1. With each label point set 7 Å from Cα along the Cα-Cβ vector, what nm distance links Met84 and Ala236?
2. Please state the shape class of the stretch 1-106: rounded when a/c is under 1.5, otherwise prolate if a/b exceeds b/c and oblate if not, all from the C-alpha gyration tensor.
3. For Arg119 and Val3, calculate 0.36 nm times their separation in residues minus their Cα-Cα distance, and state this gained length in nm to one decimal.
4. Tell me which chymotrypsin sites (Phe, Trp or Tyr not before Pro) from the stretch 146-231 have a DSSP coil assignment and no more than 12 other beta carbons within 10 Å of their own.
5. Which distance in nm do the two modelled labels at Glu39 and Arg207 give, with both placed 7 Å along the Cα-to-Cβ direction?
6. Can you find, among Met134, Met101, Leu220, the residue farthest towards the positive end of the dipole of the chain? Put +1 on the C-beta of Lys and Arg, -1 on that of Asp and Glu.
7. Tell me what the chain gives for mean residue ellipticity at 222 nm when only DSSP H runs of n ≥ 4 count, each as -39,500 (n - 2.57), the sum divided by the residue total, rounded to 500 deg cm²/dmol.
8. Grab the beta carbon distance between Ala193 and Arg216, set R0 = 25 Å, and tell me the FRET efficiency rounded to 0.05.
Amino acid sequence: MLVLTAAAVLVAALIQRVTGLAFVLVLIGPVVLVYGPVEGVTLAVFLAVIASLFALPGAWREVDWRRTLWLLGAGLIAAPLGAMTSLALPEPALLILIGAMGVIALGAQWLGPVARHLRGRRGAVAAGALAGFMHASSGLSGPALAAYALGDDWPQRRFAASAQVIFLGYGAVSVALRGLPATAPLDLVVLGACTAIGIIVGAFAARRIPVRLARRVMLLCAWAGTLVVLVRAIVALLG
C-alpha cells in the first residue's frame, strides 16, 4: 500500500508543478482509502505544505501580492471552523463531506456563472473564506480559488504562482490546527521524499508535458479517487 500511495504522491506532485493546482485533489482518494478520512486529510495537507515549499522558489517572482494577501487572510480566519468540522464528524459523514467536496472541486469548470460574482476585494474575501474552510476540512481549497481567478480575470501564470503562497499559508495553519500526521515515520519520510522529487522532476517535465495532457490525467485520477471515497462512505453508512 505504501508503494501505491507513493506512486499517487509522485503523480500528484508532477501535476501540481505542471498545472499549479490539484495536488490534494489527485491525492485525496488514495490517502483517505489507505489511512482513513481524518488521518488521510491530515497527511494530504501536510504533504501539500512540502509541495508548496518546493514549488514556491520557481514561482516567487510572479506572485500577485495584493490578491494573495486578501485570499490568504480570509482563509486563515475561516480555517479553524473547517478543522473543527472535520474532527467533529463521524467517519461516514466525513467521507461524504470529502467526497462531496471532491465532486464540487471537479465541477469547478462549470462555475462560470458563480465566478462572475467573485470580483475585487469582496470576491477575494468570500472565495478566500470558503477556500480556507475547505482546506482545513478536506485539503480541497483549489476550486474556490480557481473560481475567483476566473471571475476576477486573473492571468493564469500569476494565479498559479500566487496559489503556492496561499496553499503554503493555508497548509501551515491547517497542520497547526489538526496536528502532525500520526502516520508511521517510514511512511512520512517516503511520501515526503516522493512529494519533493515529484515537484523537482515536474519542473523539467513542465517544458515537455502539455498542460492539457496533465489536466486530463489529473481529472482521471481525481474522479477515480473521489468516486471510490463516495462508495466507501455509502458502505460505511449501510454497515
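Where a number appears in this text, it was derived from the coordinates with a stated rule and is not lab data. Small disclaimer: the values here were computed from a predicted structure and weren't measured. Positions of Cβ are generated from backbone atoms using ideal geometry, with glycine treated the same way; all protein chains shown enter the neighbour counts.
1. 2.2 nm
2. Values: a/c = 2.21, a/b = 1.22, b/c = 1.81.
Cα axes put the stretch 1-106 in the oblate bin.
3. Fully extending the segment from Arg119 to Val3 adds 37.5 nm.
4. Counting only loop positions with at most 12 other Cβ atoms within 10 Å, none of the chymotrypsin sites (Phe, Trp or Tyr not before Pro) in the stretch 146-231 qualifies.
5. About 4.1 nm separates the two model spin labels.
6. Leu220
7. The helix contribution divided over the chain gives -28000 deg cm²/dmol.
8. Between Ala193 and Arg216 the formula returns 0.40.
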